[in-house]
There are 2 protein chains.
Amino acid sequence: MRVEIWSDIACPWCYIGKARFEKGLAAFAHRDDVEVVHRSFELDPNRAKGDTAPVLEMLATKYGRTLDEARAMEAHVASNAHSEGLGYRTEGRDHGNTFDIHRLLHLAKERGRQSELLDLAYRANFAEERSVFEPGTLVALAVEAGLDEAEVRAVLADESAYADAVRADEREAAELGANGVPFFVLDRKYGVSGGQPAEVFTQALEQAWQGRTLQPVGGDADACDVDGGTC
Amino acid sequence: MRVEIWSDIACPWCYIGKARFEKGLAAFAHRDDVEVVHRSFELDPNRAKGDTAPVLEMLATKYGRTLDEARAMEAHVASNAHSEGLGYRTEGRDHGNTFDIHRLLHLAKERGRQSELLDLAYRANFAEERSVFEPGTLVALAVEAGLDEAEVRAVLADESAYADAVRADEREAAELGANGVPFFVLDRKYGVSGGQPAEVFTQALEQAWQGRTLQPVGGDADACDVDGGTC
């Protein structure tokens, strides 16, 4: 079975939802038969690269709130993160364009290190004093995740590298009806939106597992069977 | 959209079915949004490694036919291959255990060279005078496909390397109800068995494309939206 998770590194509910999904997955009997794939989604695709803003100010501006109201919003998110055992700093965190991180996550996917880089990037952004909007931090995180430094630098320097892969993920999210993240898709049959409780993920996994029957298309055709046939 | 193809290198209808699928895919409007993944299936998993037999003799023994009848069966397959523009030699080809090839195809998948190795292995087995049951040929094919020779040799030398990945594919095939190959699965919703005409694949792709709507699981939950929300 396969679960695709559309998310953005700048999205706190993706960070929290990932932990809840993992808890739900751990409670699922067939967890060893589940493949998890990260898909790209940008919350702020039109923000220029390098144009960062402190999160509290961004929230206040975006939603017309005071800084104190923004701080309360962040405190609510933080308490949810803490309940999942996740670190979360509500002050001093920046918001920005995440296109380069998604490009690196696609490189990491090809190298079998996507899950490692994803966890490091979330932790850097939400729990540590490291800005994922600085190229130097991105290189350090990617190397920590096990990628080759020269290759990482080459991808960051070439803005077209893995750009199509990011755009393809985003197009697919739109086609599947997602306009927010995290967005979980199970075997392309079931969709789960948002940072749901772990039990909802377990239930969705069980439902998808039951629903694995295929609808046949086409009639009889030549094939090689294990027992008999002509091959 | 995603198409998984279970097949075996030793399966002539997989070789032919792949060409027909590719023709069907080329006629599908959304072909650029289709990801194709090879999955492992062994026609003769209990045959010992290194125990090879000439195909005609194997067919005669397996089905209790004369060598001439086996030759006629192979001629039928060959004419189907030729109709697809594929080379096919009916004499001098061996049958054997394909576990090592499948292990290498999983290594190739991780390195982004699976499609290249698959095509080379099929061609070697069916159209050329090269035995895919000889380790030396496997190394040569893998290097031709763009893999690193030392890494390929290390995988062949370690019988546990990618063995779980092959077994997982085979378990999934059984769970999905496949007992023969080629077996095509579209978005884990639609199944196509055997070397169907190209038009059947185009039709299945169109049907799967129409049926991409997701069934939602779970109620409202915190999420980050592109327009509005609290992130």
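Values in this text are rule-based calculations from the coordinates and carry no lab data. Because the structure is predicted, anything quoted here is derived from the model rather than measured. With ideal geometry, Cβ positions are generated from the backbone for all residues, glycine too; neighbour counts draw on all protein chains shown.
Rounded to the nearest 20 debye, what is the charge dipole size of the range A:2-225 about its Cα centre when +1 sits on each Lys and Arg Cβ and -1 on each Asp and Glu Cβ?
Numbers: 25 positive and 40 negative charges, 111 e Å.
Using Cβ point charges on Lys, Arg, Asp and Glu, the range A:2-225 gives about 540 debye.
At 1.567 mPa s and 4 °C, plugging the Kirkwood radius over alpha-carbon pairs of the range A:82-127 into Stokes-Einstein gives what diffusion coefficient in µm²/s? Don't skip to the end; give the middle numbers.
On the way: Rh = 11.8 Å.
In µm²/s, the coefficient is 110.
Where does each of B:137-150, A:183-196 land if you order them by average Cβ count within 10 Å, highest first?
A:183-196, B:137-150
Enter the mean number of other protein chain beta carbons within 10 Å of the beta carbon of each residue in B:189-201, as an integer.
Per residue, the average neighbour count from other chains is 5.
Which three numbers, in whole Å and largest first, are the semi-axes of the equivalent ellipsoid of the range B:69-149 derived from its Cα gyration tensor as √(5λ)?
Here the semi-axes work out to 25, 13, 10 Å.
So what is the calculated 222 nm ellipticity per residue for the protein assembly as shown, using -39500 (n - 2.57) for each DSSP H run with n of 4 or more, over all residues, to the nearest 500 deg cm²/dmol?
Values: 18 runs with 222 residues, N = 462.
Estimated from H runs of four or more residues: -15000 deg cm²/dmol.
For the range A:1-36 and the range B:171-204, what is the centre-to-centre distance using only Cα atoms, to the nearest Å?
Cα centres, the range A:1-36 to the range B:171-204: 28 Å.
Given that compact globular proteins tend to follow 2.2 N^0.38 Å, what is the ratio of the alpha-carbon Rg of the range A:172-231 to that value?
1.72
Ratio of Rg to Rh for the range A:1-112, alpha carbon only, Kirkwood? Walk me through the numbers on the way to the answer.
Numbers: Rg = 16.1 Å, Rh = 15.8 Å.
When Rh is taken as the Kirkwood radius, the ratio is 1.02.
Rounded to whole Å and ordered largest first, report the semi-axes of the equivalent ellipsoid of the protein assembly as shown derived from its Cα gyration tensor (root of 5λ).
Those come to 47, 23, 19 Å.
Stokes-Einstein at 37 °C, 0.692 mPa s, Kirkwood radius from Cα pairs: D for the range A:2-225 in µm² s⁻¹? All intermediate terms of the calculation are to be shown ahead of the outcome.
On the way: Rh = 18.7 Å.
Reported coefficient: 175 µm²/s.
Using C-alpha positions alone, give me the convex hull volume of the range B:123-231 per residue in cubic angstrom.
243
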